[in-house]
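One structure below.
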Amino acid sequence: MTRVLPLPACVAASSTLFAALHLGPGNLLPIAVLSAVCDVLYLRTGSLAAPLLFHAGWNAYELAGILVLGREAFV
């Protein structure tokens, strides 16, 4: 994508598309921000390890919220 769009536009587009896959009430903005963080982690490290670990950590945090706090859904 960076061959046809500036980097910030690529991050915005990929984050929006990722958030759309996780669409739910009130999820679009938080998921888009989390996706942008993953994008930045990849761009800074050049490795998928950092965004994968971040994503796994976020999912673990959300799962703990469901199991411990009784929340009903992932964000």
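Values in this text are rule-based calculations from the coordinates and carry no lab data. Given the structure is predicted, the values throughout are model-derived calculations rather than measurements. Cβ atoms come from the backbone with ideal geometry, glycine included; neighbour counts cover every protein chain shown.
Here the calculated FRET efficiency for Leu52 and Val4, from their Cβ-Cβ distance with R0 = 30 Å, stands at 0.70, rounded to the nearest 0.05.
Within the shell of other residues whose beta carbon sits under 13 angstrom from the beta carbon of Cys10, the net charge comes to 0, with Lys and Arg scored +1 and Asp and Glu -1. Compute the FRET efficiency between Leu17 and Ala60 as 1/(1 + (r/R0)^6), taking r as their Cβ-Cβ distance and R0 = 35 Å, and round to the nearest 0.05. Calculated transfer efficiency: 0.90.
For P(r) over Cα pairs in 10 Å bins from 0, in percent, the choices are [x] 18, 38, 24, 14, 5, 1; [y] 21, 45, 25, 8, 0; [z] 19, 44, 29, 7, 1; which was calculated from the structure? The listed entry that was calculated here is [z]. Our helix-only sum for the chain, with -39,500 (n - 2.57) per DSSP H run of n ≥ 4 divided by its residues, gives a mean residue ellipticity at 222 nm of -24500 deg cm²/dmol.
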